[in-house]
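Have a look at the structure below, then the notes.
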Amino acid sequence: MKKSNFVALILGTIGIVFFALGMCMALLPEWGMFQQGIVCGAVGLVVLLATLLIWRKMEGKAPIKLSAKTVGSVIVGVLGALLLGVGMCLSMVFSQMILGIVIGLVGIVVLLMLIPLTKGVH
């Protein structure tokens, strides 16, 4: 394993743990830690962003250039993840199985659209 991949693995794990714990703290009212959860989640996001920047620098890659394609890909990815999550919530929390499955499948299709959007069709 290359040193850059190992550093990205460690930092990514730390960032994900902070983000996940922060979201649990913020979204579980039984814990009563909404504000602390938001701070913890934000720290996790900052660590994940730093991980991306550090890994790219260690690999000798150019910084990410913001283009319409990059912004569009991010928007499609976020939309797909949100649709998939809403579908899961409808199925598991709100007992609306059919609607949840349909919305979740739409989210999966939107996420699958990322492949030809980013890589292209040859």
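Tabulated values for the structure
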quantity: Residue selected from the stretch 70-96 under the condition surrounded by 12 or more Cβ atoms within 10 Å (Cβ to Cβ), over 25 Å from residue 12 (Cβ atoms) and of a type in the set (A, V, I, L, M), by the criterion modelled with the highest pLDDT; calculated: 86
quantity: Hits in the stretch 32-69 - residues which are assigned to a loop (DSSP other than H, G, I, E, B) and closer than 20 Å to residue 8 by Cβ; calculated: 60, 61, 62, 63, 64
quantity: Residues of the stretch 98-122 that turn out to be part of a loop (DSSP other than H, G, I, E, B) and either closer than 15 Å to residue 79 by Cα or outside the structural domain of residue 85 (by TED's automatic domain parsing) (or both), as a count; calculated: 1
quantity: Residue ID - farthest from residue 3 (Cα to Cα), chosen from residues in the stretch 51-64 that are surrounded by 13 or more Cβ atoms within 10 Å (Cβ to Cβ) and in contact with a helix residue (DSSP H, G or I) (Cβ under 7 Å, 6 or more places away or on another chain); calculated: 51
quantity: Pair list, Cβ under 8 Å, 6 or more apart: the stretch 21-40 residue assigned by TED's automatic domain parsing to the domain that holds residue 93, other residue surrounded by 12 or more Cβ atoms within 10 Å (Cβ to Cβ); calculated: none
quantity: Residue satisfying all of: in the stretch 106-116; surrounded by fewer than 17 Cβ atoms within 10 Å (Cβ to Cβ) and under 18 Å from the mean Cα position of the chain (by Cα); farthest from residue 70 (Cα to Cα) among these; calculated: 106
quantity: Single unsatisfied condition, residue 85 versus (1) under 30 Å from residue 4 (Cβ atoms); (2) assigned to a helix (DSSP H, G or I); (3) not hydrophobic (A, V, I, L, M, F, W, C); calculated: (1)
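The values are calculated or read from the model by the stated rules, or taken from the named source; none is laboratory data. Quick caveat: nothing in here was measured; it's all calculated off a predicted structure. Note: ideal-geometry Cβ built from the backbone for every residue, glycine included; neighbour counts use all protein chains shown.
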